[in-house]
1. Just the accessible area per residue of region 1-133, please: how many Å² with a 1.4 Å probe?
2. Work from the charge dipole of region 3-91 (Cβ charges, +1 for Lys and Arg, -1 for Asp and Glu, about the Cα centre) and give the residue of Asn84, Gly21, Val9 farthest towards its positive end.
3. Within the accessible area of region 18-131, what % is carbon and sulfur when the probe is 1.4 Å and the other protein chains stay in place?
4. Given charges of +1 on the Cβ of Lys and Arg and -1 on the Cβ of Asp and Glu, with all other atoms neutral, how large is the dipole of the chain about its Cα centre, in debye to the nearest 20?
5. What's the magnitude of the charge dipole for region 41-90 around its Cα centre, counting Lys and Arg as +1 and Asp and Glu as -1 at the beta-carbon? Answer in Debye, nearest 20.
6. Looking at region 1-109, what % of its DSSP beta bridges pair antiparallel, to the nearest 5?
7. Using only DSSP helix segments of four residues or longer, with each worth -39500 (n - 2.57), what per-residue ellipticity at 222 nm results for the chain after dividing by its residue count and rounding to 500?
8. How big, in percent, is the set of alpha carbon pairs in region 1-63 lying more than 14 Å apart?
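The values are calculated or read from the model by the stated rules, or taken from the named source; none is laboratory data. A quick note: this is a predicted structure, and the numbers were derived from the prediction, not measured. So basically every Cβ, Gly included, is an ideal-geometry build from the backbone, and we count neighbours across all protein chains shown. For the accessible areas, the whole protein counts, side chains as well, though only heavy atoms, and no ligand, DNA or RNA atoms are used. Shrake-Rupley method; radii C 1.70, N 1.55, O 1.52, S 1.80 Å.
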Amino acid sequence: MLGKKVPAVTFRTRVRDEAVGGPNPFRWQDMTSDDYFKGKKVVLFSLPGAFTPTCSTYQLPDFEKLAPEFRALGVDEIYCLSVNDAFVMNAWAKGQNLENVKVIPDGSGEFTRKMGMLVAKDNLGFGMRSWRYAAIVNDGVVEQWFEEEGYSDNCESDPYGVSAPQNILENLKSRAAA
């Protein structure tokens, strides 16, 4: 993945729009890979599913808390991507009180598949989902890659560590010091 451009896909997102009115003032908005990655340095992290234990207890909250440290090292945005639809991702973001991390719904798994990270999680009743990974993406090109060990369909465990925000932050700090 290093040195490769992220796949060009269109994400179906839901954005708040008060003009819609009613109890659910959201509208559909298509966002492209360029909208998210062009001209920015971002941390992208992807995980098996919104509301799942490791993702909700450690990975997402820790990225949220450490966002100022990432920004201090030149990161413009932090994105959390999952093979979940926009409704699920928005509900999860709201439940996590996110202010610094933005969620990207890869509902069809197209981006994840083109990244080579789509795996079957049928053993958990999930269907096709993302393997846990993270990347530093600079202007749409993968500069650093953090993939959890054991990539496989129906993996019995959920490895977590390589893609932890603390690990990525240490990596960015050591590169900045070099």
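1. Values: 6300 Å² over 133 residues.
I get 47 Å² per residue for region 1-133.
2. It is Val9, whose Cα lies furthest towards the positive end.
3. Working: 2730 of 5210 Å².
C and S fraction of accessible area: 52 percent.
4. Values: 20 positive and 24 negative charges, 67 e Å.
Once rounded to the nearest 20, the dipole reads 320 debye.
5. Numbers: 3 positive and 6 negative charges, 13 e Å.
My answer is approximately 60 debye.
6. Numbers: 7 of 18 bridges.
About 40 percent, rounded to the nearest 5.
7. Numbers: 5 runs with 46 residues, N = 178.
So the calculated ellipticity at 222 nm is -7500 deg cm²/dmol.
8. Details: 1408 of 1953 pairs.
Across region 1-63, Cα pairs with separations above 14 Å total 72 percent.
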